Amino acid sequence: ASLYVHNLDQTIYLENTEPMLSHINVGTGQDCTVSELAQTIASVIGYRGEIEWDVSKPDGAPRKLMDVSRLERLGWRSSVSLREGMDEALKSGQFHLPRLIRRLRQWQLILALPSWESARPEGLLDLRLAHKLVTEVGQKDLFQHPCQLPTVETALTILLDCSGSMKQHANQISLFVDLLSRAAERAGLKIEVLGYTTASWAGGQALKAWYRRGQPKNPGRLAETRHIVFKAFDQPWRVARQSLAGLRKLDLYKEGVDGEALQWAAERLMAEAAQRRELLVIADGCPMETASQSHNDEGFLDQHLRAVAHNIQTKTPIQLRAIGLGLDLGVFFRDHMQLDLTGGLTEAKLQELIGWLTRRRQTRGR
């Protein structure tokens, strides 16, 4: 169950539990299958093997759903939405939004070539015209001064790993993405927020279809890929804010389809009109999706992600970067950093992230 911690008033809870020395079930009224639970555990701990099912044993109770009717009879309903809880966390974090906006605006100027107006009667001496001091005595228009510095139109895509192990980071990442989206919009950047996962556990219909085809060798991806647009380039933050809160819906997180998602995000980014294109991947582990991993050659998922990343880095103008949450992603991405969110997202960590994102790098062709 997901419950905003300020939802349940302690006084109400004690009034209804102490007299009868009992408790109140607090839950969502929704359940998950044993298969879904096993797959979640495997994803969280990084288990890459197969899950064996002992079909000789009885299935047991088909459903083990917590009864929350008593809570409902007391008249309690969740009063804080995911978005409201997210806003409260942003407020309590005391993040400095204006500072973030200033840094992103400065980033827009990094690749802009300064423009100079030459042959002026005052300013800085233009060395290209210095010879006229001798050849054209009395010539005064030998100076230059800078014109207004132009900005570089930047399109930034954030691609989020929504596999099961990312559940532990969901709240903190949602804060970071929301802050960055809001600041980027006010700084004049185009920004898109995407996510990737699977529609079901353990291959779903894709795996069943493979079985029906006679299980041919090296089948490739055996999963129902799910690509999610939390915020599109043309969506204002105020329109997308509810969708961004969806990052806190933990039932969304299943398995990873990293390679295809990276290719999809790059294609969307290339279709956006911009002078500079930035693609930021946020993940916490190597590619892991059970069905494809089990029925293809060893290392299939890693090799696919590495190949897609290499193609983007060498054949497109996209600046590809990655943030590894507790993991070094250098085996897949050239430009990467490792981030520890154990203590939560703080202002100091936010500034560290933005400092890394906006630092000057070698320019690439557009």
Would you list V281, V34 from fewest to most Cβ contacts within 10 Å?
-> V34, V281
Could you give me the ³J(HN,Hα) list for the range 282-289, computed from phi with Karplus coefficients 6.51, -1.76, 1.60 and θ = phi - 60°, whole Hz, x at Gly and Pro?
-> 10, 8, 10, x, 6, x, 8, 8
Taking H as built 1.01 Å from N, whose amide H comes closer than 5 Å to the amide H of Q338, not counting residues under 5 places away?
-> G324
Cα-Cα over 32 Å: which of K208/K315; K167/K190; K190/K217?
-> K208/K315; K190/K217
Pseudo-spin-label distance T314 to L252, built 7 Å along Cα→Cβ, given in nm, is 3.4 nm
Anchor K91: lysines whose Cα lies under 21 Å away (excluding residues fewer than 8 positions away in-chain) | K249, K349
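If packing is taken as the mean number of other Cβ atoms within 10 Å per residue, what is the order of 283-295, 316-328, 217-229, highest first?
283-295, 316-328, 217-229
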What nm distance separates the two modelled labels at L65 and E122, each placed 7 Å from Cα along Cα→Cβ?
-> 8.0 nm
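Just so you know, all these numbers are worked out from the coordinates, no wet-lab data involved. Quick caveat: nothing in here was measured; it's all calculated off a predicted structure. Neighbour counts are summed over all protein chains in view; Cβ atoms, including those assigned to glycine, are modelled from backbone coordinates with ideal geometry.
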